[in-house]
Amino acid sequence: MEAENPTGPPPPDERELRELVAPLVGIAPEDIPGGANLILLGLSSLDMMRLVGRWRRDRLPVVFEELAAAPTLDGWLAHLGTLRSGGGA
């Protein structure tokens with residue numbers, strides 16, 4: 001059974017993450033390749049900080065540096081997966 005954040009919503013899954021990122025990069029959610037560099041697609045560091053702030057307000061211990069180090073949907077899902085399984089920061 002997955003460990004969830006008891007005081008907030010669970011981390012976004014792939015569909016939710018795609019829907020959050022798509023308007024920021026101007027690409028349909030289903031058209032964003034999992035391994036594509038989101039920064040090269042147009043995601044700014046300010047966009048990333050806003051997402052991190054949103055998730056932290058929801059009590060998700062997202063680490064900005066982890067997202068910046070692997071700025072792809074696949075990389076972000078891996079980091080979010082550690083939060084989902086209780087291995088977050």
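Label 7 Å along Cα→Cβ of Asn37; the range 53-78 residues with amide nitrogen under 14 Å?
What the label zone holds, given the 14 Å backbone N cut-off, is 68-73.
Under 8 Å for C-alpha pairs, at least 6 residues apart: give me the relative contact order for the range 14-84, rounded to a whole percent.
Once divided by the residue count of the range 14-84, the mean separation gives 32 percent.
Taking the Cα centre as origin and putting +1 on Lys and Arg beta-carbons and -1 on Asp and Glu beta-carbons, what dipole magnitude results for the range 14-84, to the nearest 20 debye?
Approximately 340 debye in magnitude.
Just to check, using Stokes-Einstein with a Kirkwood Rh over alpha carbon pairs, what's the diffusion coefficient of the range 14-84 at 4 °C and 1.567 mPa s in µm²/s?
Calculated translational D: 108 µm²/s.
Divide by every residue of the chain the summed helix terms, -39500 (n - 2.57) for each DSSP H run of at least 4, and state the resulting mean residue ellipticity at 222 nm, rounded to the nearest 500 deg cm²/dmol.
Value at 222 nm, helices only: -14500 deg cm²/dmol.
Ranked by Cβ crowding within 10 angstrom, fewest neighbours first, how are Ile32, Ile39 ordered?
Lowest to highest Cβ neighbour count: Ile39, Ile32.
Using only Cα atoms, tell me the angle between helix 45-57 and the longest principal axis of the chain; keep it within 0 to 90° and round to the nearest 10.
Relative to the chain, helix 45-57 is tipped by roughly 20 degrees.
Just so you know, all these numbers are worked out from the coordinates, no wet-lab data involved. Just so it is clear, the structure is predicted and the values come from calculations on it, not from any experiment. Positions of Cβ are generated from backbone atoms using ideal geometry, with glycine treated the same way; all protein chains shown enter the neighbour counts.
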